[in-house]
Protein chains: 2
Amino acid sequence: MKPIQVGLLGIGTVGSGTFAVLQRNQQEIARRAGRGIEIAMVADLDVERARAIVGEQIQVVNDARAVIANPDIDVVVELIGGYGIAKALVLEAIAAGKHVVTANKALLAVHGTEIFQAAHDKGVVVAFEAAVAGGIPIIKALREGLSANQIQWVAGIINGTTNFILSEMRDKGLDFDVVLKEAQRLGYAEADPTFDIEGVDAAHKATILSAMAFGIPVQFDKAYVEGITQLAAADIKYAEQLGYRIKLLGITKRTDKGVELRVHPSLIPAKRLIANVEGAMNAVLVQGDAVGATLYYGKGAGSEPTASAVIADLVDIVRLIDADPAHRVPPLAFQSHTLAAAAGALPVLPMAEVVTSYYLRIRVADEAGVLAQITSLIAGANISIDAVLQREADEIGGEGIAQTDLIILTHDTREGDMDAALARIQALPSVLAPITRIRKEELN
Amino acid sequence: MKPIQVGLLGIGTVGSGTFAVLQRNQQEIARRAGRGIEIAMVADLDVERARAIVGEQIQVVNDARAVIANPDIDVVVELIGGYGIAKALVLEAIAAGKHVVTANKALLAVHGTEIFQAAHDKGVVVAFEAAVAGGIPIIKALREGLSANQIQWVAGIINGTTNFILSEMRDKGLDFDVVLKEAQRLGYAEADPTFDIEGVDAAHKATILSAMAFGIPVQFDKAYVEGITQLAAADIKYAEQLGYRIKLLGITKRTDKGVELRVHPSLIPAKRLIANVEGAMNAVLVQGDAVGATLYYGKGAGSEPTASAVIADLVDIVRLIDADPAHRVPPLAFQSHTLAAAAGALPVLPMAEVVTSYYLRIRVADEAGVLAQITSLIAGANISIDAVLQREADEIGGEGIAQTDLIILTHDTREGDMDAALARIQALPSVLAPITRIRKEELN
């Protein structure tokens, strides 16, 4: 049978990896897929660089629409990224009856509903294993491997840049700014790292996982997003002393009231396997009611790891390319027509309604009665304290007042109640600096 | 559409879990599968117990063949286990045109070639996610999620009983026999634990993973199998001091000469994530040439975790039940007709041809020159030493000779060369007891 004909839109890091892996492993892949997979055409603005990568045998153009318009192309692989031109091209490819593979989490988290609907109407596949956690087959695991389960929650280290930074901060006791520069020098962080360090990239991925876990539409606009730029080396050190590690987690959880969808730094028990995921590695922990906890670990980015996911999607498409669309797995795991109704029953909750526990670091005057004042305000808000770590005075402030850090761990409480209590504590004269509040997840 | 009709053969631990999860999550599962899944008939020798589990609405019989003969049944789920009657029933179900889901690793590791051929000829599916690592979707990950890769090796903790025993031996410093009794009391080990503690169960699973990783037939008869019954608490302690943990690993590796397929206790670096998989949990580490290392972790046994895998297979079957068999994923990941030829190119190597590194514990007389004698015998066999740990004399033997343990870590060497060196060392008069030899895997 003629190999399936693939057109690449963009041949940067992931595109060149996809080309290299398809070349190197073509026999192995065809032995699995039952048919060859061939990159037949590449569109890239830098035609010369593209040609240097793919050689003379493959047609290279600078106009992505020429790939979409080519009637020989069966599948379009979108590796441009972003919400802009990529959206138009994906929709045009679908309209032209092409199957689409994309690594574009931003696009799907924001415009997924429109894109999946268009693909459904046209009877084509939009596959996106590469959009979350790179080479780890987490989309397939969640969508097919765990299909027996009511998923209870998903918590993942799904941004390698921030995990690298947090690992380095802990290992070397350095502050965020210093490590960010190192990460940029090593290529683990981009020149403009905003999407990574502010949690936006992780929130895109968490949004997709949330939809697939609970059968609701993608709702990036309702995600709570907090990055790691405010984390101090001191918090990482205190967390360590209390038996925790700080990780940037993407979390989505089903509760009686709705769905939590949030990205923020989290204390997690050091003894959990996921707490020991270091450097730029990714890991996703999924809790299902039948299977319990399962964890998926690997490289979340990079040329060939991401290519591995792109090609797995291509193999899936090869198998079903001439089958009735009814035989396909729905893109978000649940039959598409059921998503909207589920969104009514399972709304994404505002952050004030989230229930979690907390780590608080409060800079106080080292005076008698301060601890009692603070703990009584917490108790008054019906928040139960799990542990208190009171440091020796470590500094004499400007007015001759000894200062110290007061560390408090709480039990589960509503975020809105915690906000109210924190406002009252912050107003105390003996509280000398803005309170640091980091959420804590036991993950059990 | 009418729900798919499932017949269960055997309703013990996994069967009752399958029934319970299908009942509890029926809406969620149907929202994914696009069609209901219904257990319509159950065969079990203990009809009364079966009826107590499934109630009055479902037909219960004591004759498995009545399920196979029932024309309304679409899928037969075999949960009897073993090579005997289960084999006959699976082949009869296939012959009757039923799709089959099985958790029976022993059956597939030994008779897989015959069973998959029969299913292929009849155009039915034999699915077996539950056969390896319980609820962890490792079959799907290896078969579909990593289909872009040339798999280089797979190493897994794929027997919960032995991992529980090893975890307890390490935590409590106890010997094997003591912990085995505790494991039996807690239900982590069976009354006859032979298949688990001798490594046979892990070898069944490793055999299946090996076939799927490299596209070769299942060849259980060529697996090297060594259990944990000879492990001493001392070895676990010494390994710890050297920065290693001891785990029973199922390992399969592609080399230039062929495929390694082996189950034995292994030292692995304590800092590896998989070294920290404790208790009855399972984890499988897969190294692919594109993706690098990925790890899959979760419960490897138990009623509902295993049911999770059985039901995932049922959902896959629902999707493709009336599709052309060409659209299906081949059971062992590679197109069936290519397996036999690959076996010629990639033979399973005899253990003497395996290349790995070693931990040796040698009980010696604490005399001048013993270390030099032993290390020169090792060097003479062209084996390179990585580290030596020489203990203080800890015992005075019967003839007044002080004794001690000499611990040696080697670099990679051919097992046959190590065997020859060990025979020479064992023959030295200053070597006072049988040498302990444990293989060491760096897993990088």
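A few points about this structure:
- Qualifying position, being of a type in the set (Ser, Thr, Tyr), in contact (Cβ under 8 Å) with a residue 24 or more places away in the chain and outside any strand (DSSP E or B), among A:THR252, A:THR229: A:THR229
- Near pairs, Cβ below 9 angstrom, 6+ apart or cross-chain, from region B:359-372 (of a type in the set (Asp, Glu)) to any residue that is in a strand (DSSP E or B): B:ASP366/B:ALA402; B:ASP366/B:GLN403; B:ASP366/B:THR404; B:GLU367/B:ALA402
One line per residue, one yes/no per condition, for (1) closer than 30 Å to B:VAL225 by Cα; (2) within 14 Å of chain A (Cβ to nearest Cβ); (3) of a type outside the set (A, V, I, L, M, F, W, C):
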| position | (1), (2), (3) |
| --- | --- |
| B:ALA30 | no, yes, no |
| B:ARG49 | no, no, yes |
| B:ASP63 | no, no, yes |
| B:GLU78 | yes, no, yes |
| B:LYS87 | yes, no, yes |
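- Residue count for region A:369-420, restricted to those that are basic (Lys, Arg) and at pLDDT below 95: 1
- Of all the criteria given as (1) surrounded by 24 or more Cβ atoms within 10 Å (Cβ to Cβ); (2) more than 12 Å from every other protein chain (Cβ to nearest Cβ); (3) closer than 17 Å to B:MET212 by Cβ; (4) of a type outside the set (Asp, Glu), the one not satisfied by B:ASN282 is (2).
- Filtered residues of region A:294-311 (kept if over 20 Å from A:THR102 (Cα atoms) and either touching a residue at least 40 places away in the same chain (Cβ under 8 Å) or under 13 Å from the mean Cα position of the chain (by Cα) (or both)): A:THR294, A:TYR296, A:TYR297
- Subset tally (residues that are surrounded by 12 or more Cβ atoms within 10 Å (Cβ to Cβ) and closer than 26 Å to B:ASP221 by Cα) for region B:177-193: 3
- Annotation note: Cβ proximity below 6 Å between a residue of region B:114-143 that is more than 12 Å from chain A (Cβ to nearest Cβ) and a residue that is modelled with pLDDT under 95 (sequence gap 6+ or interchain) occurs for B:HIS120/B:SER336; B:GLY123/B:PRO325.
- Within region A:400-421, residues that are at negative phi and surrounded by fewer than 18 Cβ atoms within 10 Å (Cβ to Cβ) reach partners that are among the hydroxyl-bearing types (Ser, Thr, Tyr) and assigned to a strand (DSSP E or B) with beta carbons closer than 6 Å, at six or more positions or on different chains, in the pairs A:HIS411/A:SER357; A:ASP412/A:SER357.
- Enumeration of residues in region A:202-228 that are over 24 Å from A:PRO330 (Cα atoms) and crowded, with 22+ Cβ neighbours inside 10 Å: A:GLY227, A:ILE228
- The criterion of at least 3 residues that are more than 30 Å from B:GLN335 (Cβ to Cβ) and either within 14 Å of chain B (Cβ to nearest Cβ) or polar (S, T, N, Q) (or both) is met by the following helices (runs of 4 or more DSSP H) wholly inside region A:295-402: A:339-345, A:370-380.
The values are calculated or read from the model by the stated rules, or taken from the named source; none is laboratory data. This one's a predicted model, so the numbers in the text were calculated from it and none came from an experiment. Every residue, glycine as well, gets a Cβ built from its backbone with ideal geometry; the counts of neighbours run over all protein chains shown.
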